[in-house]
1. Can you find even one residue in the range C:193-208 that is surrounded by fewer than 17 Cβ atoms within 10 Å (Cβ to Cβ), touching a residue at least 60 places away in the same chain (Cβ under 8 Å) and farther than 15 Å from A:E102 by Cα?
2. Residue pairs, Cβ under 7 Å, 6 or more apart or interchain, first in the range B:10-31 and aromatic (F, W, Y) and at pLDDT 85 or above, second in a helix (DSSP H, G or I) and surrounded by 17 or more Cβ atoms within 10 Å (Cβ to Cβ). List them.
3. Among C:T189, C:T171, C:T156, C:T217, which is β-branched (V, I, T) and either touching a strand residue (DSSP E or B) at 6+ places or on another chain (Cβ under 7 Å) or buried (at least 23 other Cβ atoms within 10 Å of the Cβ) (or both)?
4. Out of the range A:55-69, which residues are surrounded by 17 or more Cβ atoms within 10 Å (Cβ to Cβ) and part of a loop (DSSP other than H, G, I, E, B)?
5. Within the range B:134-146, can one find any residue that is over 22 Å from B:I200 (Cβ atoms), more than 14 Å from chain C (Cβ to nearest Cβ) and not aliphatic (A, V, I, L, M)?
6. Do the conditions hold for B:G127, that is, is it more than 10 Å from chain C (Cβ to nearest Cβ), under 20 Å from C:F312 (Cβ atoms), not in a loop (DSSP other than H, G, I, E, B) and not charged (D, E, K, R)?
7. Kindly list, by first and then second residue, each pair from a residue in the range B:377-390 that is within 16 Å of B:R409 (Cα to Cα) to a residue that is outside any helix (DSSP H, G or I) and polar (S, T, N, Q), limited to pairs with Cβ atoms under 9 Å and residues at least 6 apart or on different chains.
8. Name the residue, out of C:A108, C:A87, that is within 22 Å of B:I347 (Cβ to Cβ), more than 8 Å from chain B (Cβ to nearest Cβ) and either touching a strand residue (DSSP E or B) at 6+ places or on another chain (Cβ under 9 Å) or hydrophobic (A, V, I, L, M, F, W, C) (or both).
Amino acid sequence: MAEPFLIGDAMTGGYGGADILHSCTIAVEKGEIAVIVGPNGAGKSTAMKAVFGMLKLREGAVRLEGEDITALSPQARVAKGMGFVPQTSNIFPSMSVEENLEMGAFIRRDDIRATMEQVYDLFPILRDKRAQAAGELSGGQRQQVAVGRALMTKPKVLMLDEPTAGVSPIVMDELFDRIIEISRTGISILMVEQNARQALEIADKGYVLVQGANRYTDTGQALLADPDVRKSFLGG
Amino acid sequence: MSARGPLLFALMGLALACVGLFQSWQLAITILNMSLISAIMALGVNMQWGYAGLFNVGVMGFTAVGGLAVVLVAQPPVPEAWAAGGAGALLGLLLGVATILAAIVVYQRLPKGRMRGLAVFAVLAVGYFITSAVFGPATQAIEAVNPASEGYLGGLGLPVVLAWPVGALFAAGVAWMVGKVSLGLRSDYLAIATLGISEIVIAVLKFEGWMSRGVNNVTGIDRPVARPVDLQTAPWVQSLADSLGWDVQQTASVVSGLGYAGLFALVLGALIWLSERAWNSPWGRMMRAIRDNEVSARAMGKDVKQRHLAIFVLGSAVCGLAGAMMVSMDGQLTPGSYEPLRFTFLIWVMVIVGGSGNNWGAVLGGFVIWFLWVQVEPAGRWFMELVTSGMADGSDLKDHLLASASYMRLLTMGVALLLMLRFAPRGLIPER
Amino acid sequence: MDFLNALVSLSNFMLIPALAYGSQLALGALGITLVYSILRFAHFAHGDTMALGTAAVIGGTFALQSAGVNIAPLPTALLAVPFGVVAMVLYLLAADRLVYRYYRRVRAKPMIFVMASLGVMFVTNGITRLFMGVGETRFEDGERFVFSVREFRDFTGLAEGLALRNAQFITIVTALIVMVALFWFLNRTRAGKSMRAYSDNEDLALLSGINPERVVTITWVITAILLVLAGTLYGLDKGFRAFNYFQLLLPMFAAAILGGLGNPLGAIVGAYVVAFAEMGVTFAWRRVVSYMLPDGIEPSGMVQLLPVDYKFAVTFAILVIVLLFRPTGIFKGKVL
């Protein structure tokens, strides 16, 4: 089997104390959507943070396009083409929407206007509110700013930590539509989701984690169809 | 305390003994007495910082308030001044307090809105004009009474030792007001608020002549220990001088100084005993729990703000007590001499160097730092003389350098604080 | 009733001095608020660093004067400001490298930073006094007045005079220029925006590739510029005395908190509120009031709400009111 685009391979580690992840593997192919689901405290966010380098691994490795990036800092991974949207405080609240996008592109030295236009095309509401302070926007709009900010570095892979936490179902559907749209442009998406059913519906690949280890791994559709998964994690 | 503590204290005693042997015993006793007072202040600050992590930048203000208490308690009253405006001044003060209370009542009773703001403002304005109409003439009349030596109301003429707890009480009152306002907010707000209140206390002491004689100073305050002048004539002092081979004057001042040292040591001992008991009590454990993790302490249902207020008031009271003791040792209140450098920042250096969170550490810090503060100046002058020895006499640079030797110790203290904070943040005697 | 003379008298004795004082405070408070929003601690060494910076400017001024260089009618000190700025940039960066950076690295509690800044303040204070002593130093030269009382009276024919001192005029103009430049920097430049981003959300700024050490360095440089200017203008206006600069700490903090800590616009507004309140409450309104009253009625006394000695009490009262009713300040500050 060919090496996936991005893979966190057999990751083991935690925040200093006991291990949270136990030989956990997460991977995403080019232009595909991979979703991590699982019960509370399963280590979903931890697994994603490990892939992004915010957690020191005791064992295992992270490879991007075949290159071992396990030792790199999160900032260095951004430069390598990874974008990350944290679950909370993921915007600069007192800065305008446009400035948020500019800050997202801070490491770029070239012209960023084209990328900014792409973001505005993706999230038209942000174009209207470009001069408004991001902290004054609604929850869904703020998530759009957060995703837009991460897109400004033109990442090859975008990582989203529970992007739909705390937004209404309508906004959630819209956000998922946008995420599909982003993946169609060739950007790989790795995302942690609380709303397992909806997330798996758009996922090319799904990872069900339990206690920091892989329990089920399959295509999104297959997991949705799997009676065990349905019973244990999707509420029947 | 391990063997380290007693050893350090023994070294400190040795240093003082050296001062006695090689410089003079009077100097040694003076240093000892101020060290004892500094140690008490450091104990007070240590309660706030070491027990609760509260940052009090207004130690000067609390010691000054304590000093004022000595004047108000121990000085004889001035009947002419009381006749001239005593009633007016008191009435004025009461009116001032009544105005503020009225404003608070209005604020609480009226519904929120513009009307409430206007009403509060009106109450304050009317109250202000009534108060100043009563207060102003009265204080002027008081200050006009025999201004060269009196010009103030005097005190109650009570025994001077009584002023010490009163000083503590005064400081506690001021601390309660400051703490009420600024605790429970961001932690640096308390620091800024205490900085402000200490400026104001000094301003009041300096400019409210009817109360404290202001910059004219109150001198000749009754002392709890016989003065050297009186001791010189006592036969037992004379015979003591003979047997020591000292002159009578020196003997008398050493004996008088030792009297103070005894009193101060008694107070310090009692405070340490109380602090140690408190530290080891459930209350002390709770305070440390709050200091180390405010969030979880709050989650456990502790009223953090209330606890902080209590410890802040207590610590400030101790500072006020020390301030009162200092004034009764000097026998005078000199509002002009209160400066933040000496009374606030030096105390902080003491606590940090000694060991924050450890009562014995704070006491040791008081001794060490006061000793250095007194002794670094001659050392600095000696150093400057060495540096300038090659220069021509009378050159501007030489004069300037010699004159600035006394500022060297500020620098030294600052560097000491920074070095301790960085490399030995737990101090000479660390918290257990 | 003579409205014009009342206004002139008020301007001469209160409005202009308060405007100048407010401008000096504003520059100082801006520095405090910037340090606060980036390094997240109350910079207690601010007043004394202002004093040291001014001392450096005074040294430069004397050197220039003895070399015969001047820019009359402007004071020579303005020419020496760059020297003071460079000295203070180096000083503050040295303080940061030697003291603060370590505590940043170990993520110390804010109180430890405050304590460290207290130590820095001590040292700074000592250095300033080594150079300047404790006495007052005047270093204003060049023209003293933009226009004097007599010139104003001759020109307008009014009974009341109005003078605009050079130092006041320079203060107000400089403060205005500096504020505009600062806002331009913060809102329009990459470095300025990265500072705001860092202040807004430190972690996200890191993720976006903003280098925190660089942001901190820029902050100290700007702070140095602000405080040298504030200190020099204050010294030109009122003479240099090290202790007065320490005492400026309280009004500067009050201004920054009143405006909302971490909010530059708030710091400016707060500074003017504090300055006008201090001057207004301790101002003897007698002359102004007597012009405003009908002829023949004179106010008794000075019509002064509080003696000048209590100007700190006014500042403190403002601080207390803010803390009681709106701890986040007029404009929402960063943190409670």
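The values are calculated or read from the model by the stated rules, or taken from the named source; none is laboratory data. The structure presented is a predicted model; accordingly, all values stated were derived computationally and were not measured. Counting neighbours? That spans all protein chains shown, and the Cβs are built from the backbone with ideal geometry, glycine included.
1. Within the range C:193-208, not a single residue is surrounded by fewer than 17 Cβ atoms within 10 Å (Cβ to Cβ), touching a residue at least 60 places away in the same chain (Cβ under 8 Å) and farther than 15 Å from A:E102 by Cα.
2. B:W25/B:V254
3. Just one listed residue meets the conditions, C:T171.
4. A:L55, A:I69
5. There is at least one residue in the range B:134-146 that is over 22 Å from B:I200 (Cβ atoms), more than 14 Å from chain C (Cβ to nearest Cβ) and not aliphatic (A, V, I, L, M).
6. So B:G127 fails the test.
7. Taking only residues 6 or more apart or on different chains, not a single pair turns up.
8. Going through C:A108, C:A87 in turn, just one is within 22 Å of B:I347 (Cβ to Cβ), more than 8 Å from chain B (Cβ to nearest Cβ) and either touching a strand residue (DSSP E or B) at 6+ places or on another chain (Cβ under 9 Å) or hydrophobic (A, V, I, L, M, F, W, C) (or both): C:A108.
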